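Right, one structure below, let's go through it.
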Amino acid sequence: MSDDYRPNPDRLLEGIQKEEEALSKGHLRIFFGMCPGVGKTFAMLKAAQEQVRQGADLVVGVVETHGRKETEELVLGLQTIPRKKIQYKETVLEEMDLDAVLERRPYLVLVDELAHTNAPGSRHPKRYQDVLELLEAGINVYTTINVQHIESRSDLVQQITGVRVFERVPDSVVDRAQQIELVDISAQNLRKRLQEGKVYQGDRVAKAEENFFKETHLHALRELALRYTAEKVDQDLQDQMLVQRVVGPWNTQERLLVAVGHSPYSARLIRATRRMAYHLEAPWIALYVDVGVQLDSNDEGMLHKNLELARELGAEVVAVRDVDIAQAIQRMAHERNVTQIIMGRPERHWWDILNRRGSLLDQLVQTSSSVDVHVIRQEEQKKEKNMRRTPPALYAPGASYWNTFWFIVGISILSEVVNPYLGYRAVGFIFLMGILLMGFITTLGPILFAATLSVFVWNFLFIPPLFTTHISAPEDVMMCFAYFFVALMGGFLTAKIRRRDRDLVQRDQFNRALYELVKDMATAVTETEACLSAEQNLEAMLNGKVKILLVDPTGNLERRTYNAAKLDEKDLALSLWSFENKKKAGWKTDTLAESRCLSLPLKGKNALVGVMLYYPRKSQGLSLDQENLLETVASQLAMSLERLQLQTRLQDVKLLEASEKLHQALLNSVSHELRTPLTAIIVSASALQDAKVSPTTEVRNELIEAVVESSRRLDQVVENLLDMSRLNSGVLKPKKQWVEFGDVIETIVAKVKSLVQSHQINLSLDVPICFLQIDERLMEHAISNLIVNASRYAPEKTQISIHLTREGQWVRLKVIDEGPGIPTANLEKIFEAFYRVPGSPAGGVGLGLAIVKAFVEAHGGRVYARNRQDRLGAEFVIDLPYVTPPAALMETAT
């Protein structure tokens, strides 16, 4: 490769940032295997013992020995962080104590089984999330994982073994590893270890042999693990070569590249490259280099056809802009570590002999000494085809030539004015400056026309003898030819620079538009937002109309667009064909080419999520950049829609789980709350029927009182359930009217006294007359719940204080008890439905405070709880907005 090779700055920056990030955070070393029993934990502990011998500060976060004696011996002598015990239902589970490890901050921690699912109640649901937090804290980690637990390989493992893997680790986590150590063992030796009981114990051995540990399965899993390790090492090698500017490629893995153009013979090269890549089991790239030449419709159609063929055959299609095809191929070979370049045999032309660089093949062979160049024979071409050459890009609208003519006329008039003062030779420089100026505003054709016309005008009007094309002085002849050459080359180079600037501007606009689009899609919270963003950006950039159809919950394509717009029957049929066949079709394709729109299936990672229709406003086909933009946006939109769909499903699953938990909690609580008073009622009623049990009036009165009290309790439970049901359905609305709030509170206290007989209620009304516009029944229910709640948690014979004050535009009611108070962490949660503070006394379903909050907020108020400052106890505060009552109402009160 040439010594002046410059790496892609974007990829170089990405590699440097990746290295800097690795230096600022902990290092991850993964001991990787094909399946359980290969010795990953054993290898990790051996490496840990070596680190301890070298003086490293190492602790064991969690290591699963599975009763293997040789593994347990390696743990001896290593400092171990005690595991955290977590109570789950009736079982005590043990997990790694993440907080203890973070507080200890060792140099290195051992965390076995990266894919493990933590016990409910842990900080993170997955152990790999614990590892990520350790890495972020700058702690190095040794861990283990099997190939079946890697997200991108889990489907293949299921196909091989028939076993579905539920514990999976995202590939991005494994990609963070600075080192992956493959722990390998042959299938025969692993089965021998299994039979010896070194993998599983008891009956599990026979079941494992018949299922997961079949020899054919183990061979396939071993190959899968080896391939994954090789891919990771190859990616690390490319990153290092890029950052350290190592001149490659190194043939650690074959990677092929074929240059594709608008030639009809490119299809033959593409197929040949596909065959070679298949036999080598190697990835391959189809590269198109845009040199800025305007292609006619036939050539552009052939180019699109060739690139589409490459995509269908599995190539990674890459399009770049460069004026030098050979340099572009060399640069791509460097960046992608290409080992073999495939190209056709070029024709020999007479200008190749004059051109010291030679043909494209000569340039590649001379400068690509470390890359193999394969030349594929081509079919014999007809003679007349050999004579066909691509004409120079002289085409320009007629107006350009007309404007050029008058521009030269203007310069001629100016030159005629200054000629007596400067002389005819200086006039030539005025014409030359005009030609250079034209290079910034027009194309090559008008520049060539201007150069020819200006030479003629200069000769005819200014060079002696005047008004003739004859030139008498030899130096003037030389000046004429030199002027024409300099004008032509200067204008051409200026136009070339202008074209490059235009390409840079277009590329910058494309990148910015794509960035904004991706950002909008990443922040979109609904499918409508994502589709609208893609639609608006594409219509602005491609000058066409875009329609998007999504799939319904059953996986079928909707008959209308995402915004409910109707589709033409032909367009709908095109969309259905594209959706069912997973291919683009319609306008400017080989399938249903008569259609007025182009249909692109939106392919997510797991399934199709919809179809995008593009309606061009012009019959001219899309350029390669525009087509790439359209497909890139379609791909980004598909991923965004799939992300939103997965989020929706996850929310549905969480909602279902929460609903199931609430249902179970409600069933348990309500059954208890209903059964207790019902049992008391039944027992008391039965006793009343039996004269022997209730012989005296005093006993009968006690039984009747028990029935009444239990009935009230039962009525309160039912009332709470009904109110919560009405609130959730939106049926319950406050019916506000003016009432004297002090009277309402006194009435409530009188009613609840029988429910809180073991407590003393202290009522303090600092506002003598306080009219509020409220729903008296709802507010009575809310305040009653607060008083009953206070009596339930406060010890008997203690006071419950009720204070009414007015503070500015708020009327404040406080219910204060002398109970144990509320844990600070639970102050915000106690107003949630069905929530009860851990350790609460039996009774209640956790709806009372939720109803209080809903009723108060329905009145435009607020409610909150806090602990008392003077002593133990809780203080519940209700703030209701105060509005000046009508004057007539106040006069009546006074």
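Across the protein chains, with a 1.4 Å probe defining accessible surface, the residues Trp402, Trp577 rank Trp402, Trp577 from largest area downward.
Each of the peptides 512-523, 496-507 was scored by the mean count of other Cβ atoms within 10 Å over its residues; in descending order, highest first, they stand as 512-523, 496-507.
Extent of the stretch 741-894 along its three principal axes (Cα atoms, max minus min coordinate, largest first): 52, 29, 28 Å. In this calculation the C-beta distance from Ser186 to Lys583 is compared with R0 = 41 Å, giving a FRET efficiency of 0.40.
Largest to smallest in accessible area, the residues Phe429, Phe741, Phe456 fall in the order Phe429, Phe456, Phe741 (1.4 Å probe, all protein chains included).
For Ile430, the solvent-accessible surface computed with a 1.4 Å probe is close to 30 Å², ligands and nucleic acids excluded. How far, in nm, would the chain grow between Arg512 and Glu807 when pulled straight, counting 0.36 nm per residue and subtracting the alpha carbon separation? Taking 0.36 nm per residue and subtracting the Cα distance, the gain is 100.7 nm.
Here Arg866 sits with roughly 80 square angstrom of accessible surface, probe radius 1.4 Å. Starting from a Cα-only point model with no solvent, please compute log10 I(q)/I(0) by Debye for the stretch 70-197 at q = 0.14, 0.19, 0.20 1/Å. Summing over Cα pairs of the stretch 70-197 leads to -0.80, -1.29, -1.34. Accessible surface computed residue by residue for the stretch 416-542, with neighbouring protein chains in place and a 1.4 Å probe, gives 56 Å² per residue. Averaging 1/r across all pairs of distinct Cα atoms in the stretch 566-623 and inverting the result yields a Kirkwood radius of 11.6 Å. Over the stretch 22-118, the Kirkwood radius and the radius of gyration, each from Cα atoms, give a ratio Rg/Rh of 0.97.
Label reach from Phe440 (point 7 Å along Cα→C-beta): in the stretch 497-512, amide nitrogens under 12 Å belong to 498. Of the residues Leu182, Leu256, Leu466, ranked by 1.4 Å probe accessible area with the largest first, the sequence reads Leu466, Leu182, Leu256.
Each pair of Cα atoms in the stretch 398-446 enters the Kirkwood radius, and Stokes-Einstein at 37 °C and 0.692 mPa s then converts it into a translational diffusion coefficient of 288 µm²/s. Under the classification rounded if a/c is under 1.5, otherwise prolate if a/b is larger than b/c and oblate if not, where does the stretch 436-554 fall, given a ≥ b ≥ c as square roots of the Cα gyration tensor eigenvalues? Prolate shape, in that a/c is at least 1.5 and a/b is the bigger ratio. Phe449 exposes around 80 Å² of accessible area when a 1.4 Å probe is run over every protein chain in place. Packing-based ranking of 260-267, 790-797 yields 260-267, 790-797, ordered from highest to lowest mean Cβ neighbour count within 10 Å. A dipole drawn for the stretch 472-580 from +1 and -1 charges on Cβ atoms has a positive end, and of Ser472, Val525, Asn556 the residue lying farthest that way is Ser472. For the residue pairs Lys192/Lys214; Lys547/Lys570; Lys545/Lys618; Lys583/Lys618, alpha carbon separations beyond 20 Å are given by Lys583/Lys618. Between Ile682 and Ala522, the modelled labels are 6.3 nm apart [label points 7 Å from Cα along Cα→Cβ].
The values are calculated or read from the model by the stated rules, or taken from the named source; none is laboratory data. No experiment lies behind these values; they were computed from the predicted model shown. Positions of Cβ are generated from backbone atoms using ideal geometry, with glycine treated the same way; all protein chains shown enter the neighbour counts. Only protein heavy atoms, including side chains, enter the accessible area calculation; ligands, DNA and RNA are left aside. Shrake-Rupley method; radii C 1.70, N 1.55, O 1.52, S 1.80 Å.
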